[in-house]
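The values are calculated or read from the model by the stated rules, or taken from the named source; none is laboratory data. Keep in mind that this is a model prediction, so the values were computed, not measured. Note that we place each Cβ from the backbone using ideal geometry, even for glycine, and neighbour counts take in every protein chain shown.
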Amino acid sequence: MAGSEAAEEKFCLQEVVDAYRLCLSPEKEVYLEHYIAGWRALVKFLNSLGSVFGFIAVEALTKIQTLVTFLNGENGSQYSTLQSMVKYELDNELVDLTTRGPHPESGCRTLLRLHRALRFLELFLERLRVSTEDSKTSVMCTEAYNESLAQHHLYAVQKVACLAFLVLPGRPTFFEVMNVGPPEQVVSMLGEAVPLISEVYKITEELYAEHNLHDLP
Ligand SMILES: CCCCCCCC/C=C\CCCCCCCC(=O)N[C@@H](COP(=O)(O)O)[C@H](O)/C=C/CCCCCCCCCCCCC
C-alpha cells in the first residue's frame, strides 16, 4: 500500500469527534451522512486491532453499507436524517415491524443495530476516560458490552466477543492508536467525544421509542 493511502487509513479520535459534532442539525435531527462517517472512523480503529476483530469490523461495515445504499439510492433525500428515514420508511410500509418479511434490511432495523452498538461505545469510552494506568481494557470492554450489546446477541456471539476482548491491547496502546498525543490530551478528547455520542444516542433512543421501533426483528 502506498504511504499516502496508509496515512488515510490511520485511525484518529479527532475524526470520531468531528463526525459526531457534525451529526446534529440545529433542530436536533441526526444527519445520516455524519452518523455513517463516525462509524467508518470506528471501523478503522477496529481494523487496527488486528484480524481477531475482523469479524466485528465486517459486521459493522455490512450495516454501514446497507445505509449507504439507501442514502445514495433513488430515494436518498428521504434518508438525509434519521428522522426523515423513520418517517419515510414507516409512511411507505418499508419496515418489517414484528417478523422478518419483505423488508428484512430496512434502514430502521439496520440503524437500530448500530444504535445499540453506539451505547456500547459510549459506555466503553467513558470507562476509558476515567480509567487509571493499571485499568484493563478487556475488563472495561467486557463490562460495557454486558451492559449494552450483549443483551441483543445470541449466546454464541457473546462468547466469541468476550474471547476477542481478552486479546485487546492494553490501555497505553489504545491511547497511542487514538493519535491524539499524550494521555492527558486523549482523556481530554474523550471528554469531548462522550457527551457528543451520548446526545446522538439519546435522540435516537427517543425517536425509536416514540415510534415503537426498539424491537425490530
Ligand atoms: C475510539 C476508540 C475506541 C473505540 C473502540 C470501539 C470501536 C467500535 C465500537 C463498536 C463496534 C461494534 C460494531 C458491531 C456492530 C454490531 C451489530 C450487531 O449487533 N449485529 C448483530 C445483530 O445483527 P442482525 O443479525 O440482527 O442483522 C449480529 O448478530 C452480530 C454479529 C457479530 C458482531 C459482534 C460484535 C460484538 C462486539 C462489539 C464490541 C467490539 C469492540 C472492540 C474494541 C474495543
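Observations
- Screening the stretch 122-132 for residues that are more than 8 Å from the ligand (Cβ to nearest atom) and not charged (D, E, K, R) and picking the one that is surrounded by the most Cβ atoms within 10 Å (Cβ to Cβ) gives Leu123.
- Residue in the stretch 133-148 that is assigned to a loop (DSSP other than H, G, I, E, B), crowded, with 18+ Cβ neighbours inside 10 Å and either among the β-branched types (Val, Ile, Thr) or within 16 Å of the chain's Cα centre (by Cα) (or both) present: yes
For (1) among the aromatic types (Phe, Trp, Tyr); (2) out of contact with any Asp or Glu (no Cβ under 6 Å at 6 or more places or on another chain); (3) more than 16 Å from the ligand (Cβ to nearest atom), each residue gets a yes or a no:
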| residue | (1), (2), (3) |
| --- | --- |
| Tyr20 | yes, yes, no |
| Ser25 | no, yes, yes |
| Thr66 | no, no, no |
| Leu94 | no, yes, yes |
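- In the stretch 4-15 there is no residue that is under 28 Å from Leu213 (Cα atoms) and modelled with pLDDT of 95 or more.
- Checking every residue in the stretch 136-148 against the condition of being modelled with pLDDT of 95 or more, under 30 Å from Val68 (Cβ atoms) and more than 11 Å from the ligand (Cβ to nearest atom) gives at least one match.
- Among the residues of the stretch 149-162, those that are within 20 Å of Glu122 (Cα to Cα), within 10 Å of the ligand (Cβ to nearest atom) and surrounded by fewer than 16 Cβ atoms within 10 Å (Cβ to Cβ) comprise His152, His153, Cys162.
- Selected residue (only one of Phe174, Phe165 is within 13 Å of the ligand (Cβ to nearest atom), touching a residue at least 40 places away in the same chain (Cβ under 8 Å) and aromatic (Phe, Trp, Tyr)): Phe174
- Selection count where residues are near the ligand (Cβ under 10 Å from one of its atoms) and touching a residue at least 40 places away in the same chain (Cβ under 8 Å), scope the stretch 105-118: 8
- Scanning the stretch 50-61 for residues that are among the aliphatic types (A, V, I, L, M) and either without any contact (Cβ under 8 Å) to a residue 12 or more places away in the chain or more than 6 Å from the ligand (Cβ to nearest atom) (or both) returns Val52, Ala57, Val58, Leu61.
- Boolean, Phe124 is among the aromatic types (Phe, Trp, Tyr) and modelled with pLDDT under 95: no
- Within the stretch 195-211, the set of residues being more than 10 Å from the ligand (Cβ to nearest atom) and touching a residue at least 24 places away in the same chain (Cβ under 8 Å) comprises Leu196, Ser198, Glu199, Val200, Tyr201, Ile203, Thr204, Glu205, Leu207, Tyr208, His211.
- Hits in the stretch 172-205 (condition: over 20 Å from Gly38 (Cα atoms) and either within 19 Å of the chain's Cα centre (by Cα) or among the aromatic types (Phe, Trp, Tyr) (or both)): none
- Criterion applied to Ala164, Ala156, Ala117, Ala209 was being in a helix (DSSP H, G or I), aliphatic (A, V, I, L, M) and over 20 Å from the mean Cα position of the chain (by Cα), and the one residue passing it is Ala156.
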